[in-house]
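Structure first, then comments.
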Amino acid sequence: MSELLAELEKYGYRGRIARILAEKNIRVYDRVAIFKNNSRIEGILMPKPELSGEDIVILKLDNGYNVGLSVNSPKQISLVARGKPSLPIPPPKPILRKGLPKVSILGTGGTIASRVDYKTGAVYPAFNVEDLYNLIPELGDLADLSMHLLFNIFSEDMTPRHWRRIALKVAEIIDEEKPKGIIIAHGTDTMGYTAAALSFALRDLPIPVILVGAQRSSDRPSSDAALNLICAVTTAIKAPFAEVVVVMHGETSDTYCFAHRGTKVRKCHTSRRDAFRSINAKPLAKVYPGKVIMLTRNYIPRDEKRKVEVKAEFDEKVALIKLYPGINPEIIDFLVDRGYHGIVLEGTGLGHAPEYTLKSIKRAIDEGIAVVMTSQCLWGRINMNVYRKGVELLKMGVIPGEDMLPETAYVKLSWVLAQTRDLKEVRRLMLTNIAGEINARTAPTYYPPMEVK
């Protein structure tokens, strides 16, 4: 019975309800009958969500709906027939037009490529070519796709080590498959961090590398997955640039996407389909299915003869700290004591820090730690020469982050410190525009208008 209890726990059944199911020798995906109020209800026992009640079982009814029913004693449930997990029926192989351009898709996780089995309600990765063409038939008229699943994790679980693996795999695919472009399917929460990391790690790209995700899963009528992926493939085969970009919805309807430079993009809304914005910059392009309209002349042109160079080492002893009223400077001291090599500060306004943190910041710099200042305001750039506090920080040796996003500055400092620990060289590299992360001048038109209705 202990083995069955462990199996039931894996599917969310614990405590008394698990013991009742084990006593009746019932497993998840078995067909069962539940007796309540002189009624008999039959269905397939499904995995149980974490937040459902303690004595609730989940049944998939014959009409396709899932219901939750309470079971308080073994007399209320019985086994009807043994079952097993239902795998989705393989879709038919698509018929492709000959001579389509090659595009490689690299999977790392997220909801962008998944399909729902409506018999069980389970969501399965759609990471083979047949699944993807059948989910989004329009792709069959655009490109000859190849698929690679590198790993499948939530984007909040990404680390610099994952960035390195992605960069190395991208370079390998470029060398071996010679595609027109590479698409990276990625969860949206930390997509901006990965886009920035790849922008620094992949030097001299010959083709575009596009990160794409979905705010809403493919089983929802409002899913953004199809348009995002169609626009990503369009960018891969038609864009004139060879940079790392994020391609996501440009507005709430299914009309177009924007291609955002990888070092200038942030997710600015938790759930809207047009959640991604270019910060302190225009998007590189407006992308419709089958068409790319460039919005700037400032880009690295595509050159498929160019040889990509990989510099994918990142120093993991770097921290990003938001400065706020009442912050305890011991947080900075802790990082110094733990041997960190770099700190990025999200300062206030033009790049300021509370008076009571200056001593700890100076100590960090004196002990050889690179400290970079950015702004919480996001739009605009820091200017530490305007007020006394900023001037003091500059005199200490704080490196101004110009108009970089805090997360881009964090990624860049991690990348720079993996190459050198010499503070003079770190300063030089942090103040050098390497991947479009620093504008020489931040135009006020980059600030988004307030929408008032």
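Cα centroids of the stretch 234-285 and the stretch 395-421: how far apart, whole angstrom?
The stretch 234-285 and the stretch 395-421 have Cα centres separated by 24 Å.
Quick one: work out the % antiparallel among DSSP beta bridges in the stretch 312-450, nearest 5.
5
Just check the stretch 133-215 against the gyration tensor rule for me: Cα atoms, a ≥ b ≥ c as the square roots of the eigenvalues, rounded for a/c under 1.5, and otherwise prolate or oblate depending on whether a/b exceeds b/c.
oblate
Averaging sequence separations of C-alpha pairs under 8 Å and six or more residues apart, then dividing by the length of the stretch 374-435, give the relative contact order as a whole percent.
32
How large a share of the accessible area of the stretch 220-322, in percent, is made up of carbon and sulfur atoms when the probe is 1.4 Å and the other protein chains stay in place?
Solvent-exposed carbon and sulfur of the stretch 220-322 make up 49 percent of the total.
If you wrap a convex hull around the C-alpha atoms of the stretch 303-364 and split its volume per residue, what is the figure in Å³?
Details: hull volume 7.8 nm³, N = 62.
Per residue, the Cα convex hull of the stretch 303-364 comes to 125 Å³.
Cα convex hull of the stretch 320-453: mean projected area in nm², to one decimal?
On the way: hull surface 36.4 nm².
Across all orientations, the stretch 320-453 yields a mean hull projection of 9.1 nm².
Would you check the accessible area of SER104, probe 1.4 Å, heavy atoms only, in square angstrom rounded to 10?
0
Using the heavy atoms of the protein chains alone and a 1.4 angstrom probe, what is the accessible area of the chain per residue in square angstrom?
Value returned for the chain: 47 Å² of accessible area per residue.
Contact order normalised by length for the stretch 244-328, with contacts defined as Cα pairs under 8 Å and 6 or more residues apart; what percent is it?
20
Given contacts defined as C-alpha pairs under 8 Å and at least six residues apart, what's the relative contact order of the chain, whole-number percent?
Reported as a whole number, the value is 10 percent.
If you place +1 on the Cβ of every Lys and Arg and -1 on the Cβ of every Asp and Glu, how big does the dipole about the Cα centre of the stretch 253-337 come out, in debye to the nearest 20?
On the way: 18 positive and 11 negative charges, 178 e Å.
Here the size comes out at about 860 debye.
Based on the inverse mean of 1/r over its pairs of different Cα atoms, what is the Kirkwood hydrodynamic radius of the stretch 187-330, in Å?
This gives a value of 16.1 Å.
To the nearest 10 square angstrom, how much accessible area does ASP189 have with a 1.4 angstrom probe?
ASP189 has an accessible surface of roughly 90 Å² with all protein chains in place.
Not counting ligands, DNA or RNA, and with a 1.4 Å probe, what is MET248's accessible surface area in Å² rounded to the nearest 10?
We get 0 Å² for MET248.
Only one of the listed values, (i) 48; (ii) 63; (iii) 54, was derived from the coordinates as percent of Cα pairs over 30 Å apart; which label is it?
Answer label, from the structure shown: (iii).
Going from most exposed to least, what order do THR296, THR357 have by accessible area with a 1.4 Å probe?
THR296, THR357
With a length cut of 18 Å (Cα positions projected on each helix's long axis) and a Kyte-Doolittle mean of at least 1.0, go through the chain and give me the DSSP H helices that pass.
225-238
Among the listed pairs LYS267/LYS424; LYS395/LYS424; LYS264/LYS412; LYS362/LYS395, which have their C-alpha atoms separated by more than 21 angstrom in this model?
Over 21 Å apart, Cα to Cα: LYS267/LYS424.
Please give the charge dipole size of the chain, origin at the Cα centre, charges +1 on K and R Cβ atoms and -1 on D and E Cβ atoms. Round to the nearest 20 debye.
With Lys and Arg at +1 and Asp and Glu at -1, about 560 debye.
Mind checking which lysines have their Cα closer than 25 Å to the Cα of LYS102? Skip sequence neighbours fewer than 8 apart in that chain.
Filter leaves LYS93, LYS169, LYS178, LYS180, LYS238, LYS286, LYS291, LYS305, LYS307.
Sort TYR340, TYR387, TYR29 by heavy-atom solvent-accessible area, probe 1.4 angstrom, most to least.
Highest to lowest solvent-accessible surface, that is TYR387, TYR340, TYR29.
The values are calculated or read from the model by the stated rules, or taken from the named source; none is laboratory data. No experiment lies behind these values; they were computed from the predicted model shown. When we count neighbours, we look across all protein chains shown, and the Cβ atoms used for this are built from the backbone with ideal geometry, even at glycine. In case anyone asks, the SASA skips ligands and DNA or RNA and just uses the protein heavy atoms, side chains included. Shrake-Rupley method; radii C 1.70, N 1.55, O 1.52, S 1.80 Å.
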